[in-house]
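Here's the structure, in structure tokens; my notes come after.
Every number here is computed from the coordinates shown, using simple stated rules; none is lab data. Quick caveat: nothing in here was measured; it's all calculated off a predicted structure. Quick reminder, even Gly has a Cβ in these numbers, built from the backbone with ideal geometry, and neighbours come from all protein chains shown.
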Amino acid sequence: MPFIARLKLQLKEYFYLQDDYHPVTNVEAWRISSLRIILVSVLLLCAVFVVQSAWQSMLEQIDYIVPIALSFYIALALLLVMSKRYYYVSAIGLLVLIVLAGISFNITQPNQILSMLGPIVMYSTPFVAFILLGWKAGLICICINLLPLYILINEISLTDYLPPIPVLNNANYYLHTILFVFFNLCIPFAIARASIAAKRGNQFNIERNQILSNQTQLYHALFVNAQTAKILIDRQRNIIEANQAAQSLLLTSLPKQFIGLGIERVFPEFIEGINELVVNRTLGARMKVFKLSIDSLNDEQHTILTIEDVSAKALLHKTLAVQTQARQRLKLYDESIGLPNRQWLENKLAQHSPQFGGVISLCAIRVTNAHFIEQKFGFLYLPKALKKLAETLSDHLGERSLIAVLDKYSLGLIVPILDQANTKNTMQHVLSSLPSSLKINEHCIHLDCKAGIAIASHQLPEDPSQLINNALHAVTVSESPINYYETGSQQRFIEHQEISILLNEALSNNELHVEYQPKVRGDGTLIGMEALLRWNSPVIGRVSPGVFIPIAEQSGLVLKLTHWLVNHVCRQLKTWQNDGLNVVPIAINISGPDLDQKDFKKHLINSVVEHDIKPYLIELELTESAKTHNIPEAIAAVSYLASFGFCITLDDFGVGYSGLSKLTKFPVQRVKIDRQFVANIHNNEKNAQVVEAIIAMCKVFKIDVLAEGVEDLKEVDCLLAMGCSSFQGFVFARPMLKEHIAELMNIESASNVKLPLTKRSAIITND
């Protein structure tokens, strides 16, 4: 910036010439500006006077002139320094100096005409006071000026009462020059500054009134004439206004004179502090379901209650819930036998309820002569035989036992055993209670049964599916009626503990690293990446995430892993930005324990703020199967993060049972279709139907869809035809190291990157 321009800018800032309506003090900017204009101009005038008169006073041997002039100069300089921080002291000090200057003129001039200039100087104080301190100070100065008026009328000179003192020969020149500059420059400049401020203030008020007028129109558009029902409530929870939509919607609920009534008269369920609730109302002959949304205005004095008729949506949700319950029953129930199935038993094992005691004994009972029964009596008799067999076991074991169908020939039951040493005796007693024959439809059916038993300690939960498989395998181990398969060994426990210890050390020893797998559009355009955690231990070598992540969740280390990953990704994004790369959003997997952690969202927000990263560059992927102990708090945390601009994605969609529920409750912006539905989709009609249903549902909710695990271009073409436009998989790119990603983004810009990249792709991808 040129020197002159920079100087002009500094002068404007010093003299407050911009008329900023947000001053740094409680004094208007134009008052500070006027004060500084007067002080600086008088200071310059005083400096010229000191220089001009010093030499003359020395020649004429008049000693008092220079000290008086210097005193005024120093006093003016001090007032200028205090003009901002101590404005009122400075303004009053200026008025005092003007009065003192007038008295000095009268005292030091024996000439009657020149001595009268002193009281005339004091006449300027009302002008200065009005500008700097307001009309009250101006009136005080007018009253004080009655004294100089009296002096002038009566031609009183204070020199008549003092001993004669010498004066400069050209005192007439100095005094008239000072008065001319003061009355014709200093005060007019200050008045002009005040006038300009008044004009600008008037223009500001005009603009503000226009804004208020626009806001009024907006208020009518958004509230009064809005199609959505809205009620305005004051701080005392009284109704101020209800728009026409609200009156029409609540015609039978609102009294004729509803203005001024408490909101509890209309909605007794209304509780302060709740932002959203659903209420039921009977309007006429119909049951209505209303969703109430409470939003506080900026003035914190009023609240807007938005009322939405969600009766149709509630009916749909109810219908879906009934259908979901029915589907759940079909998934967990064997209709042919009339008993719960294997999936149901796995779920019960996964819960691992303490009601089972210290040891869980899973017993698989197989009818070994099942083929003979089917051939002799028909296929309908075996399910009936299993049903009666299950009833017999239930009567014998009591309510604490759980019985289910494992396959068409086997039953599975959980037997609570408090003492593992008595397991064999207990199971022998159970098997001895089984009938050797059953009577079905006048046929006597002989039963041959064998049992396979798998044992798991309560302190060391096993994989439910594996536990069942172990029990079924134990049936075939030998010809013995009872066979055992021990699980949950001490060795496996020790291995898990060792991995947990090494993983904790890995966080401190920089053994972890991140690979990034690109996300693309159908044409190969790069739109994002997923951060994948990798661990190469110097002790046990490369450890798969499928191994160490579950162990981290069990040991509580998953929270540390997530914090490390968040910091690493934010730091890497900042590095790429500093390198001038056109970065794309990076996805991070979030587990259920992460959402249960109260300071998770705080840590995430602090990380993006610390590294100066825009929140939209961080995508949070919630797995559909992720379990959280507190669903409402998890929803609140995710909604809070979404409000900051973080993208929320539902990962592995379709593999769990809560997908639709999470889709409606969480602020999901993208859904990732699980790879098990994507694989070979062009040849799998059932998977294709599932994917089409997911895409159609996401279109209804206006949610983006991304297919993961895409490994074949035929799969891409099939998905594109269904309406899926985003992909992630080996057909486009494998996970890459950060150096390869930077090289990839350096190809002109990320928006121009097309994957796969012919020969280059083979070089930069990391298998």
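Taking R0 as 30 Å, what FRET efficiency do you get between ALA636 and LEU315 from their Cβ-Cβ distance, rounded to the nearest 0.05?
Values: r = 27 Å, r/R0 = 0.88.
After rounding, the FRET efficiency stands at 0.70.
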request  = Indicate the gyration tensor shape class of the stretch 682-734 (rounded, prolate or oblate), computed on the Cα atoms with a ≥ b ≥ c the square roots of the eigenvalues: a/c under 1.5 is rounded; otherwise a/b larger than b/c is prolate and the rest oblate.
outcome  = oblate
note = Once phi for every residue in the stretch 370-385 is put through the Karplus expression 6.51 cos²θ - 1.76 cosθ + 1.60 (θ = phi - 60°), the whole-Hz ³J(HN,Hα) values, with Gly and Pro written as x, are 4, 4, 5, 4, 4, 6, 7, 10, x, 6, 7, 7, 5, x, 5, 5
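Quick check: residue separation of ALA47 and LYS602 times 0.36 nm, minus the Cα distance between them. What number comes out in nm? Provide the component values of the computation, followed by the final result.
Details: separation 555, 0.36 × 555 = 199.80 nm, distance 6.00 nm.
Net length gain for the segment: 193.8 nm.
For a 29 Å ceiling on Cα separation, which of these pairs sit above it: LYS672/LYS738; LYS331/LYS388; LYS348/LYS602; LYS288/LYS598; LYS331/LYS601; LYS291/LYS699?
Values: LYS672/LYS738 23 Å; LYS331/LYS388 22 Å; LYS348/LYS602 36 Å; LYS288/LYS598 37 Å; LYS331/LYS601 36 Å; LYS291/LYS699 23 Å.
The pairs that break the limit, which is 29 Å between Cα atoms, are LYS348/LYS602; LYS288/LYS598; LYS331/LYS601.
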key: Residues MET82, MET427, sorted so that the one with the fewest Cβ neighbours within 10 Å comes first   = MET82, MET427
query = What nm value, rounded to one decimal, do you get for the distance between LEU261 and ASN582 when each label is placed 7 Å out toward the C-beta?
reply = 6.0
note = Phi angles of the stretch 512-522, converted by Karplus (6.51 cos²θ - 1.76 cosθ + 1.60, θ = phi - 60°) into ³J(HN,Hα) in whole Hz with x for Gly and Pro, give 8, 9, 10, 10, 10, 9, x, 10, 9, 7, x
remark   = To the nearest 0.05, the calculated FRET efficiency linking ILE501 and HIS682 through their beta-carbon distance, R0 being 51 Å, is 0.65
query = Once the Cβ-Cβ distance between ILE68 and GLU207 is put in as r, and R0 is 41 Å, what FRET efficiency do you end up with, to the nearest 0.05?
reply = 0.25
remark   = Taking a crude spin-label model, label points 7 Å out from Cα along the C-beta direction, the HIS302 to GLN689 distance in nm is 5.5
task = Mark the label point 7 Å from the Cα of THR575 along Cα→Cβ and return the residues of the stretch 506-542 whose backbone N is within less than 11 Å of it.
result = 514
task = In nm, give the distance between the simple-model label positions of GLN325 and HIS371, each being 7 Å from the Cα along the Cα-to-Cβ direction.
result = 4.4
